[in-house]
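Questions regarding the structure given below will be posed in turn.
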Amino acid sequence: MSIETIQGVPVSRGALSPEEQAALLTDLRAVAQAAPPFSPMTGWGKPMSVRITAAGRFCWFSDRRGYRYIEAHPETGQPFPPIPEAALRVWRTFETRADPDCCLINHYREGARMGLHQDRDEADFSFPVVSLSLGDPGLFRIGGTERKSPTRSFWLHSGDAMALTGETRLAFHGIDRIKFGETALLAGGGRLNLTLRRVAKAD
Ligand code: MD6
Ligand code: FE
């Protein structure tokens, strides 16, 4: 697996082959069965346009009280299923000190987007956040550590992995739009993004 630098971000294009993507998708369907995707509320009381669920110990959650990591599904009360092996393999190409304890799964349907945000509720910023894209292309925007910092963008395609690490670990980033219906990976179209991270301090 080769890692190139695109706009200052380490990216592994085609980190998963089409066959590996299809196999991972089967695992992700099982995750979604056990832990049904939901649309968290934003701070303004509007549901987010992406639907999310998770694998691993932690899941990101948001409601009118703010956002936080949770360890039980908000509807079923059950713990989240284990992180699929293929996702762990991708993480290990970027970070070998410890495995992630959270794999957020974002599902973008037609018109869904993700506003500029920082991921900064994890215990140890020396660990990266690793992202893996599946399905329709997404236009990823990244800036600096201030919301007003200048930004640059590049497309993430199915099977691409990348990491926010070092200088970019706390950079603002988001997804402006997806090219809905460009791939047939997901029945019904759309994009899945997995973000792998360590929420708790590694022992
Ligand atoms: C997405 N990604 O690609 C949203 N966060 O759908 C993220 O929010 C993200 O790609 C941290 C690190 C990498 C990411
Ligand atoms: Fe993020």
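What is the sum of charges, Lys and Arg at +1 and Asp and Glu at -1, for the other residues whose Cβ falls under 10 Å from the Cβ of ILE83?
Working: positive: ARG57; negative: ASP27, GLU85, ASP99, ASP101.
In short, -3.
Still on this structure: Can you give the percent of C-alpha pairs in the range 98-203 whose distance is more than 20 Å? Provide the component values of the computation, followed by the final result.
Values: 2170 of 5565 pairs.
Of all Cα-Cα pairs in the range 98-203, 39 percent lie more than 20 Å apart.
Between ARG147 and ARG97, what is the label-point separation in nm under the 7 Å Cα-to-beta-carbon projection?
According to this spin-label approximation, the distance is 3.0 nm.
Continuing with this model, one more query. Assuming R0 = 35 Å, what is the FRET efficiency of TRP44 and GLU71, from their Cβ-Cβ distance, to the nearest 0.05?
Numbers: r = 26 Å, r/R0 = 0.74.
Plugging the Cβ-Cβ distance into 1/(1 + (r/R0)^6) gives 0.85.
Okay, moving on. Can you tell me the accessible area per residue over the chain, all protein chains present, probe 1.4 angstrom, in square angstrom? Kindly include the intermediate steps, with their values, before the conclusion.
On the way: 9670 Å² over 203 residues.
Heavy-atom SASA per residue in the chain reads 48 Å².
Given Cα pairs under 8 Å that are at least 6 residues apart, what percent is the relative contact order of the chain? Provide the component values of the computation, followed by the final result.
On the way: 475 pairs, mean separation 50.1, N = 203.
Contact order relative to length: 25 percent.
Kindly provide the GluC sites (Glu not before Pro) of the range 109-203 that DSSP labels as loop, not H, G, I, E or B, and whose Cβ sees at most 16 other Cβ atoms within 10 Å.
GLU110, GLU146, GLU182
Charges only on Cβ, +1 for Lys and Arg, -1 for Asp and Glu: so what's the dipole of the range 157-203 about the Cα centre, in debye to the nearest 20? Each step should come with its number before you reach the end.
Details: 7 positive and 5 negative charges, 30 e Å.
Using Cβ point charges on Lys, Arg, Asp and Glu, the range 157-203 gives about 140 debye.
Same structure, new question: Give the ranking of HIS173, HIS117, HIS157 by solvent-accessible surface, highest area first, calculated with a 1.4 Å probe.
HIS157, HIS117, HIS173
Summarise the accessible area of the range 36-134 (1.4 Å probe, protein heavy atoms) by the percent that is carbon and sulfur. The partial results should precede the final answer.
Working: 2470 of 4800 Å².
It is 51 percent, rounded to a whole number.
Let me ask something else. From the residues PRO74, GLY56, GLY43, which one has its Cα farthest along the dipole of the range 23-77 in the positive direction, the dipole being from +1 and -1 charges on Cβ of Lys/Arg and Asp/Glu about the Cα centre?
Highest projection toward the positive end goes to GLY43.
Kindly identify the chain as rounded, prolate or oblate by the Cα gyration tensor criterion: order the square roots of the eigenvalues as a ≥ b ≥ c, call it rounded if a/c is under 1.5, otherwise compare a/b with b/c, prolate if a/b is larger, else oblate. The partial results should precede the final answer.
On the way: a/c = 1.12, a/b = 1.05, b/c = 1.06.
Cα axes put the chain in the rounded bin.
Moving on to the next point. Treating only the Cβ atoms of Lys and Arg (+1) and Asp and Glu (-1) as charged, compute the dipole magnitude of the chain about its Cα centre; round to the nearest 20 debye.
Dipole size: approximately 660 debye.
Related question: Expressed in nm², what is the orientationally averaged projection area of the convex hull enclosing the Cα positions of the range 1-121? Numbers along the way, then the final one.
Details: hull surface 34.9 nm².
That works out to 8.7 nm², a quarter of the Cα hull's surface.
The values are calculated or read from the model by the stated rules, or taken from the named source; none is laboratory data. Keep in mind the model is a prediction, meaning the values are calculated, not measured. Don't worry about glycine lacking a Cβ; one is built from the backbone with ideal geometry, like all the others, and counts go over all protein chains shown. Ligands, DNA and RNA are excluded from the accessible area calculation, which covers all protein heavy atoms including side chains. Shrake-Rupley method; radii C 1.70, N 1.55, O 1.52, S 1.80 Å.
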